[in-house]
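Written below as structure tokens is the structure these notes are about.
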Amino acid sequence: MKIAIVIPTLTLGGAEKVALETANELDRIGHNVHVIVMSNKVILTASPNVTIHEGVDGFFQLAKALKLLKIDYCISYMERANLFSSVACKIIGITHCATVHTAPIAGFKMRSRKNRIAISFTYRLLRFLNTKVVGVSRGIIDDLNKLYGIKNSYVVPNFIDVNEIEQFSKEKEQIEAYDYVFVGRLSKIKGCHVLIEALANIKAQGKINKIRVAVVGDGPEYNQISQLITQYGLQKNVHLIGARINPYPYMLNAAAIIVPSFAEGFGMVVLEALSLGRKVIFSRCDFGPKEIIDTNFAEFSHLGFKNPSDDLAASISELATILVNEVENKTVYDKSFVRFKVEANYNKQIICKLLLDVLER
């Protein structure tokens with residue numbers, strides 16, 4: 001089959017990494033795969049047989065590209081690509097599957113008004129066209145049904161390559177050891193400021209000297225996070241590392257990964273941490289982290305704290321308590337069994353087969 005994967009950008013985001021890894025796996029099992037990037041923002045590289053097309057923007061330009069390439073099936077990632085692909089695929093009459101990686105109710109409300117209007121239009125159009133929609137968590141599918149009446153929908157979680165991540169994690173040997181690491185985009189929805197406020201809470205208790213934290217990421221709130229660290233006098237405890245194409249050495253050299261998000265459609269960093277045998281301390285936001293942990297990794301369920309979208313003060317307080325407890329009285333667990341469960345439940349062969357089954361229905 002000829003399969004097109006359409007995405008606005010191909011940089012370092014979770015959905016972008018999943019899109020590219022999906023393309024690589026579909027290529028590996030014998031399909032002819034084209035990745036169509038709507039902009040010229042491309043950082044990631046694909047397998048040799050996967051062709052990347054840049055700057056294909058606009059309904060008719062996309063439709064023309066899909067037709068010229070003689071595509072059989074189209075998979076789109078992220079809202080802009082979902083909108084443009086739905087129209088383009090309708091024009092030329094090919095099967096389209098839109099994927100959703102953001103928690104609709106909790107995540108979309110943090111977007112601009114203009115963005116929310118565009119998102120609402122996109123998903124109402126998908127319902128009207130009866131487009132196949134894949135959500136990476138059950139909560140996403142339930143939200144899409146509740147908000148937009150989308151019923152032609154399926155749950156297909158993300159996947160990771162455990163062996164590849166292990167290999168990348170050992171590329172740098174001179175990484176300092178940390179108690180905790182935050183990995184992600186520094187934007188409000190990812191909640192890094194929740195972590196900094198929790199650390200300030202711990203400092204007020206006189207217990208901060210025991211804790212070392214690395215923040216791996218960049219984004220619009222970088223300066224705000226830096227200012228908070230200075231404001232609370234946490235410079236010796238919190239190190240701002242910046243964005244890294246390969247964050248895994250930092251994760252490997254930490255006792256636990258912190259996911260303090262206000263919303264997570266899935267939360268790739270959760271699987272990445274677990275694949276390295278690391279604990280995950282997570283907010284019980286909508287939806288991914290709590291679905292992943294509560295369903296398959298119950299040994300870490302007690303490391304979940306209040307959703308900051310519901311009660312920010314309680315979230316900060318609960319996170320502070322967990323951070324102190326995990327330094328003073330670490331959770332005991334079987335690292336190899338955690339890795340086994342990641343590989344058994346979230347490997348790319350199983351997940352890509354699920355995706356192909358949806359396309360062919």
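Please treat every number below as a calculation from the coordinates, not as lab data. Fair warning: this is a prediction, and the values are worked out from it, not measured in the lab. Cβ atoms come from the backbone with ideal geometry, glycine included; neighbour counts cover every protein chain shown.
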In terms of modelled amide H atoms, which long-range or inter-chain residues lie less than 5 Å from the amide H of residue 279?
257
For region 146-157, in order, what is each residue's ³J(HN,Hα) by Karplus, 6.51 cos²θ - 1.76 cosθ + 1.60 with θ = phi - 60°, in whole Hz (x at glycine and Pro)?
5, 7, 10, x, 6, 10, 7, 9, 8, 9, 9, x
Candidate lysines - alpha carbon under 22 Å from residue 172, same-chain residues fewer than 8 apart omitted:
17, 279, 335
Could you pull out every residue, at least 5 positions away or on a different chain, whose amide H is within less than 5 Å of the one on residue 264? Hs are placed 1.01 Å off N in the peptide plane, and Pro or chain starts have none.
103, 286, 287, 288
Per q in 0.10, 0.11, 0.14 1/Å, what log10 I(q)/I(0) does a Debye calculation on the alpha-carbon atoms of the chain return?
-0.61, -0.74, -1.17
Whether region 162-342 is rounded, prolate or oblate, judged on the alpha carbon gyration tensor where a/c under 1.5 counts as rounded:
rounded
Report, to the nearest 10°, how far helix 192-204 tilts away from the longest principal axis of the Cα atoms in the chain, using its own Cα long axis and a range of 0 to 90°.
10 degrees
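Arranged from highest to lowest average of other beta-carbon atoms within 10 Å per residue, in what order do the peptides 94-104, 60-70 appear?
For the peptides 94-104, 60-70, the packing ranking is 94-104, 60-70.
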Ordered by residue, what ³J(HN,Hα) values in Hz, to whole numbers, does region 56-64 give under the Karplus form 6.51 cos²θ - 1.76 cosθ + 1.60, where θ = phi - 60° and Gly and Pro are x?
9, 10, x, 4, 6, 5, 5, 4, 4
From phi via Karplus (6.51, -1.76, 1.60), per-residue ³J(HN,Hα) for region 264-271 in Hz, x at Gly/Pro:
8, x, 9, x, 4, 4, 5, 5
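Could you rank the peptides 236-249, 133-146 by their average count of other C-beta atoms within 10 Å per residue, with the highest value first?
133-146, 236-249
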Taking the Cα atoms only, what angle lies between the long axis of helix 335-345 and the longest principal axis of the chain, rounded to 10 degrees?
20 degrees
When we measure straight from the Cα of residue 114, which aspartates and glutamates land under 18 angstrom away, once same-chain ones fewer than 8 places off are left out?
79
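Rank by packing, highest mean first: peptides 252-261, 201-210, 10-19, with packing defined as the count of other Cβ atoms within 10 Å averaged across residues.
Averaged packing, sorted descending, gives the order 252-261, 10-19, 201-210.
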Can you list the residues, at least 5 places off or on another chain, whose amide H is less than 5 Å from the amide H of residue 304, using H built in the peptide plane?
282
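What does the charge count around residue 37 come to, taking other residues whose C-beta lies under 11 Å from its C-beta (Lys +1, Arg +1, Asp -1, Glu -1)? Could the numbers behind the result be given before it?
Details: positive: 41; negative: 16, 54, 57.
Here the count lands on -2.
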Could you name the aspartates and glutamates in cross-link range of residue 236, using Cα to Cα under 15 Å and dropping any fewer than eight places away on the same chain?
176, 179
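So what's the net charge close to residue 60: Lys and Arg +1, Asp and Glu -1, counting the other residues with Cβ under 14 Å from its Cβ? Before the final figure, lay out the partial values.
Details: positive: 64, 67, 90; negative: 57.
Here the count lands on +2.
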